[in-house]
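Engineer: Take a look at this one; I'll ask things after.
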Amino acid sequence: MIDVIEQKVKHKLGAHEMRLRHVYGVAETAQKLARLYHVSEEKAWIAGIFHDIAKYDALEDQLNMMDLRWIKAYVDYPVIYHAIAAANILEHEFKVHDQDILNAIKHHVWGRKNMSTLEKIIFVSDYCEPNRGFEDSPMIYDMATKDLDEAVCYCMKASMDHLIRQGLVPSEEQIEIYQYYQEVTRGESK
Ligand SMILES: [Fe+2]
Ligand SMILES: [Fe+2]
C-alpha cells in the first residue's frame, strides 16, 4: 500500500521538485518524531508524504473532492482546500480510513484544538522539515523533541507572523487555535 501511495505522490508532484523534496522531508521528520513519541511511524510517513498531494490541483478539482460543508466553511480561505482534498483522495482512492492519518492531513495548515500526537507531529514537521530551508528549522525540531505543544505554538505564531508580513490577516479560527495552544503550554488547557 505504501508503495502505491508513494508512486502516486511521485507521479503528481514529479514536476514540482521542491514540493516533492518537501513532502519527503515532512515524511522523514514526522517518522523520527513518531518514533520518539511512540506513535505509528508508518502512519506518520503516509500522512507526511501525502499531505500536499492536491497542492497544484486546479481549484475545480479540489472542490470536486470535497463536501459542500467544507467548501462553504473555507470559502474565504481556499488555502485550506488542498488539505481537505488530500485527505479525501487518500480515503476514497486508496481506501485509507484511519481517522488519525486523515485528520493530520486535513488540519496540517492551521492545526486545530485538541490535536492528537500524530496531528501535532505532522503540523510541526510541515514547518521544520530541513528541505524547506527555514533558518529556525533545527531549533524547532529540537523544541519538538522536548515539548511538542511548545513547538506547535511556535509554528502557529511563525506562520501568522508570516501572513502579517505579507499584509494578510490571520483568520479568527487560526488565532483561536493559537490562543488555545498558548493556554496548553501554560498548563491552563488540556
Ligand atoms: Fe500544505
Ligand atoms: Fe506542506
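Engineer: Working only within the range 121-132, note down all residues that are more than 8 Å from the chain's Cα centre (by Cα) and crowded, with 23+ Cβ neighbours inside 10 Å.
Structural biologist: Passing the criteria: Ile121, Tyr127, Cys128, Glu129.
Engineer: Here is a check on your reading of the model: is His162 within 14 Å of ligand 1 (Cβ to nearest atom) and either without any contact (Cβ under 8 Å) to a residue 12 or more places away in the chain or within 15 Å of Thr29 (Cα to Cα) (or both)?
Structural biologist: So His162 passes the test.
Engineer: Can we say Leu33 is assigned to a helix (DSSP H, G or I), open to solvent by less than 60 Å² (accessible area, probe 1.4 Å) and free of Cβ contacts under 8 Å to residues at least 24 places away in the same chain?
Structural biologist: Considered against the rule, which asks whether it is assigned to a helix (DSSP H, G or I), open to solvent by less than 60 Å² (accessible area, probe 1.4 Å) and free of Cβ contacts under 8 Å to residues at least 24 places away in the same chain, Leu33 comes out as no.
Engineer: Going by the structure shown, is Asp52 out of contact with any Phe, Trp or Tyr (no Cβ under 6 Å at 6 or more places or on another chain), within 11 Å of ligand 2 (Cβ to nearest atom), open to solvent by less than 60 Å² (accessible area, probe 1.4 Å) and not in a helix (DSSP H, G or I)?
Structural biologist: So Asp52 fits the description; yes.
Engineer: Now for a separate question. Hey, can you tell me all the residues within the range 142-182 that are open to solvent by 60 Å² or more (accessible area, probe 1.4 Å) and in contact with a Lys or Arg (Cβ under 9 Å, 6 or more places away or on another chain)?
Structural biologist: Selection gives Glu173, Glu176.
Engineer: Next up: State whether the residues of the range 86-109 include one that is away from ligand 2 (no atom under 15 Å from the Cβ) and under 23 Å from Asp161 (Cβ atoms).
Structural biologist: Checked against the condition, which is being away from ligand 2 (no atom under 15 Å from the Cβ) and under 23 Å from Asp161 (Cβ atoms), the range 86-109 yields no hits at all.
The values are calculated or read from the model by the stated rules, or taken from the named source; none is laboratory data. For clarity, every value in this text was computed on a predicted model and none was experimentally measured. Cβ: placed from backbone, ideal geometry, glycine included. Neighbour counts: every protein chain shown. Heads up: the accessible areas ignore ligands, DNA and RNA and are worked out on the full protein's heavy atoms, side chains in. Shrake-Rupley method; radii C 1.70, N 1.55, O 1.52, S 1.80 Å.
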